[in-house]
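Values quoted throughout were computed directly from the atomic coordinates according to the rules given, and no laboratory measurement underlies them. Fair warning: this is a prediction, and the values are worked out from it, not measured in the lab. Neighbour counts are summed over all protein chains in view; Cβ atoms, including those assigned to glycine, are modelled from backbone coordinates with ideal geometry.
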């Protein structure tokens with residue numbers, strides 16, 4: 001309900017009708033079978049437009065859904081490695097990570113150190129570096145292999161120039 005004394009009115013076809021009393025603006029909207037919508041409430045006097053508000057909301061929701069449909073969401077995929085991983089498994093996981101990166105996703109490669117493996121974290125870092133080399137030059141290393149507690153991880157991302 002618009003209760004302003006005077007409003008600047010815009011007709012349903014977009015033409016300016018000038019400054020009119022709020023009562024007359026509501027009456028004109030009712031005569032056309034449409035709604036009176038306040039476009040700019042902070043202006044002096046407030047700007048109102050005669051429109052079909054239900055149709056406006058429907059078209060606005062339709063545009064939002066179309067925008068969401070065209071969005072590409074980037075997710076963080078995770079690949080688990082082992083400190084005792086063999087070459088064949090390392091190659092297979094590197095191919096999987098390369099596929100994720102080609103799809104436009106970021107990849108987190110993790111190694112969890114167990115028991116005596118914690119005494120030799122440099123071996124796990126070496127495996128992680130070999131993994132990065134096997135994935136290929138088509139990736140950007142977002143975070144270098146680093147140890148945090150019992151795990152070592154790195155984050156790989158698609159190159160910046162590729163959209």
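A few comments on the model shown:
- For the chain, modelled as a GNM whose springs connect Cα atoms under 10 angstrom apart, the maximal fluctuation among 47, 133, 125 occurs at 47.
- Relative exposure of 20, 111, 152, judged by other C-beta atoms within 10 Å (fewest first): 20, 152, 111
- Computed helical MRE - 222 nm, the chain, DSSP H runs ≥ 4 contributing -39500 (n - 2.57), nearest 500: -12000 deg cm²/dmol
- Nearest-ten-degree value, helix 121-135 long axis tilted from longest Cα axis of the chain: 60
- Taking every alpha-carbon pair in the range 36-77 and binning the separations at 5 Å intervals from zero gives 6, 18, 14, 14, 13, 11, 9, 7, 4, 3, 0 percent.
- Using equal-weight Cα scatterers in the Debye expression, the normalised intensity of the chain in log10 at q = 0.20 Å⁻¹ is -1.13.
- The angle between the Cα long axis of helix 22-32 and the main principal axis of the chain comes to about 80°, on a 0 to 90 degree scale.
- For the pair residue 30 and residue 77, a Förster radius of 45 Å applied to the C-beta separation gives a FRET efficiency near 0.20, rounded to the nearest 0.05.
- Among 110, 15, the ranking by other beta carbons within 10 Å of each residue's beta carbon, starting with the fewest, stands as 15, 110.
- Of all DSSP beta bridges in the range 1-154, antiparallel share, percent nearest 5: 65
- The chain: relative contact order in percent, alpha carbon pairs under 8 Å with at least 6 residues between: 16
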